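The values are calculated or read from the model by the stated rules, or taken from the named source; none is laboratory data. What you see is a predicted model, and the numbers here were worked out from it, not measured in a lab. Using ideal geometry, Cβ is built from the backbone for each residue, glycine included, and neighbour counts are taken over all protein chains shown. All accessible areas refer to the heavy atoms of the entire protein, side chains included, with ligands and DNA or RNA removed. Shrake-Rupley method; radii C 1.70, N 1.55, O 1.52, S 1.80 Å.
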Amino acid sequence: MMIICITVGIVFGYTVSTDDSQKVLESLTKLIKNKSVYVIAPLYVIWSIVSLIYQLLLLRKGKRSALSVSPDDDDDTAFDEAGIMLEAPIEVSNIIIIISCILFSILIECAVFSKEISKNVAAVLGIGGSVMFIFFYLTQFIIVRHVIELIKKLCPEKQGDLLDMNFQKKWLSSFDEGEKFIAYKCGFNAYKNANTACMILWIISFISQFTFNTGIMPIICIGIIWAVLSISYTKENRRLEKGKTNNTDE
Amino acid sequence: MPLINHLKEMRARLGVNQAEMGRLAGTSRQTISQIERGDYSPSVTLALKLAKICSVSVEDIFEYKENENE
């Protein structure tokens with residue numbers, strides 16, 4: 001993987017080192033910067049509406065299956081299915097929020113720097129985009145809170161309110177050993193994947209600082225994320241190796 | 001999976017559902033479901049609790065079978 005990335009980098013770097021190719025890349029960057037507003041603005045609106053409708057449909061489906069079972073039902077399979085259905089809107093919500101954040105950032109960047117649009121249009125895009133983003137974020141919050149309340153009805157041992165600042169701590173403390181095992185396993189897999197993603201993104205941002213004039217900011221941001229990941233993992237690992245691993249609670 | 005369990009049979013013998021079993025053992029219904037499916041091996045504490053609830057020994061619920069390949 002590393003060898004492939006280095007080879008691509010060398011070939012790409014050599015190609016763009018000539019004056020002509022650099023001019024082509026510069027004009028390409030300018031073109032993307034100026035024209036992308038025509039793509040991003042409608043894409044952002046469509047994405048927000050479609051994803052919200054999709055999520056509401058998932059919520060309705062999950063709610064229906066959650067209300068059809070009770071914690072004391074004998075049908076264990078139906079209970080398992082209801083749990084999976086109910087978690088779907090939360091799983092989708094995380095991805096939807098991330099994509100919305102990216103689209104919103106690009107939209108604002110376009111509104112500020114695009115030379116293709118007038119100042120009035122830029123202001124409408126900026127204010128409209130911001131209002132839409134806040135509205136979208138609030139609806140996500142309401143949906144997730146609603147799902148959590150439904151999960152609490154389904155599993156009365158679960159505790160925590162999304163409005164509470166210590167929600168994650170309370171929610172995790174209401175997990176039993178089986179659920180904690182799943183949460184920790186997911187956390188480790190996320191750590192592994194994030195490490196790989198950081199390495200790939202660092203290579204991309206390293207190359208793009210020369211080819212697309214992205215500067216050193218992306219490299220610094222990726223570096224910080226990478227460092228936080230590694231330091232927090234190492235710190236927790238040392239703490240657990242020296243002391244209690246928390247599986248002797250109760 | 002070298003760990004085979006008979007929790008479902010034991011639970012049926014007791015006449016309780018997963019939620020009730022979870023309540024008795026101080027764990028969630030989901031964890032009972034995962035143990036029964038063989039997706040999760042419980043801690044010693046939970047295994048002992050389950051055995052106590054079913055009034056049997058841990059070995060009656062959980063059986064360790066060596067892999068033939070090993």
Relative packing of A:27-37, B:13-23, A:151-161, which averages over residues the other C-beta atoms within 10 Å, highest first: B:13-23, A:151-161, A:27-37
Gaussian network model of chain A, Cα within-10 Å springs - most flexible of A:L58, A:L240, A:L138: A:L240
Chain A, relative contact order in percent, only Cα pairs under 8 angstrom and at least six apart counted: 19 percent
The stretch A:95-188 - Rg and Dmax from Cα coordinates, angstrom: 19.3, 59
Cα point-scatterer Debye curve for the stretch A:131-250, base-10 log of I(q)/I(0) at q = 0.09, 0.12 Å⁻¹: -0.43, -0.73
Cα-based shape type of the stretch A:33-173, given that a ≥ b ≥ c are square roots of the gyration tensor eigenvalues and the cut on a/c is 1.5: prolate
Hull shadow area, averaged, the stretch B:3-64 [alpha-carbon convex hull, nm²]: 3.4 nm²
Highest to lowest packing among A:216-228, B:32-44, scored as the average C-beta count within 10 Å: B:32-44, A:216-228
11 Å reach of a label modelled at B:K65, 7 Å along Cα-to-Cβ, counting backbone N of the stretch B:1-20: B:1-5
Residue-wise HN-Hα coupling along the stretch B:37-48, computed from phi with Karplus coefficients 6.51, -1.76, 1.60 (Hz; x: Gly, Pro): 6, x, 8, 9, 9, x, 6, 4, 4, 5, 4, 5
Top positive-direction residue, dipole computed over chain B with Cβ charges, set B:T45, B:N17, B:V58: B:N17
Alpha-carbon centroids, the stretch A:98-128 and the stretch A:201-239: separation in whole Å: 26 Å
Shape category assigned to chain A from the gyration tensor of Cα positions, a/c cut at 1.5: oblate
Probe 1.4 Å - accessible area at A:H146, Å² to nearest ten: 70 Å²
Per-residue average of Cβ from other chains inside 10 Å of B:49-59: 0
Mean Cα-pair separation over length for the stretch A:33-173, i.e. relative contact order, pairs under 8 Å, 6 or more apart, %: 29 percent
MRE, 222 nm, helices only [DSSP H, n ≥ 4, -39500 (n - 2.57), over the protein assembly as shown, to nearest 500]: -26500 deg cm²/dmol
Local net charge near A:V37, Cβ-Cβ under 15 Å (Lys/Arg +1, Asp/Glu -1): +3
Derived scalar couplings ³J(HN,Hα) [the stretch A:100-109; Karplus, 6.51 cos²θ - 1.76 cosθ + 1.60; whole Hz; x for Gly, Pro]: 5, 4, 5, 4, 4, 4, 5, 4, 5, 4
Peptide A:175-185, shielding by other chains (average Cβ, 10 Å cutoff): 5
Computed FRET value (nearest 0.05) for A:M199 with B:V44, which takes r as the C-beta separation and R₀ as 41 Å: 0.55
Charge dipole magnitude, Cβ of K and R +1, D and E -1 - the stretch A:173-250, Cα centre, debye nearest 20: 340 debye
Relative contact order (%) - chain B, alpha-carbon pairs under 8 angstrom, separation at least six: 44 percent
Nearest-ten-degree value, helix A:19-67 long axis tilted from longest Cα axis of chain A: 20 degrees
